[in-house]
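The values are calculated or read from the model by the stated rules, or taken from the named source; none is laboratory data. A quick note: this is a predicted structure, and the numbers were derived from the prediction, not measured. No Cβ is skipped: glycine too gets one built from the backbone with ideal geometry, and neighbour counts run over all protein chains shown.
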Amino acid sequence: MSCSADLTSRELEILALVLTGRTNKAIAKEVSISAKTVEFHLDNIYRKLGVRSRVMAGIWALKNGIREKTREIPS
C-alpha cells in the first residue's frame, strides 16, 4: 500500500471529504471543481492506494490517520 505522502494535497482533501459521506457532486461544490474532476481525483487516489472503491479508500484513510474534514461554522 501507499503512504499519504504519495497523495497530493488536493487528493488528501478529496479523501477527507469522502469520509464525511459526501457525494462527488457535493465534494465538487465544496471545493469549487466539477464532479468529473472529483471523479478524476478519486481514480488517482484508488490507483495510488491500490484499492478499488470509495469504501476501501475510506478504510485506508482511517487506518492512516486521515480524518473527516469538518466544516467550520462562522460565529
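Observations on the structure shown:
- Selection count, segment 3-44, where residues are in contact (Cβ under 8 Å) with a residue 60 or more places away in the chain and in a helix (DSSP H, G or I): 1
- Selection status of K69, at pLDDT below 95, among the basic types (K, R) and crowded, with 16+ Cβ neighbours inside 10 Å: yes
- Of the residues making up segment 19-53, those that are aromatic (F, W, Y) and more than 20 Å from G65 (Cβ to Cβ) number 1.
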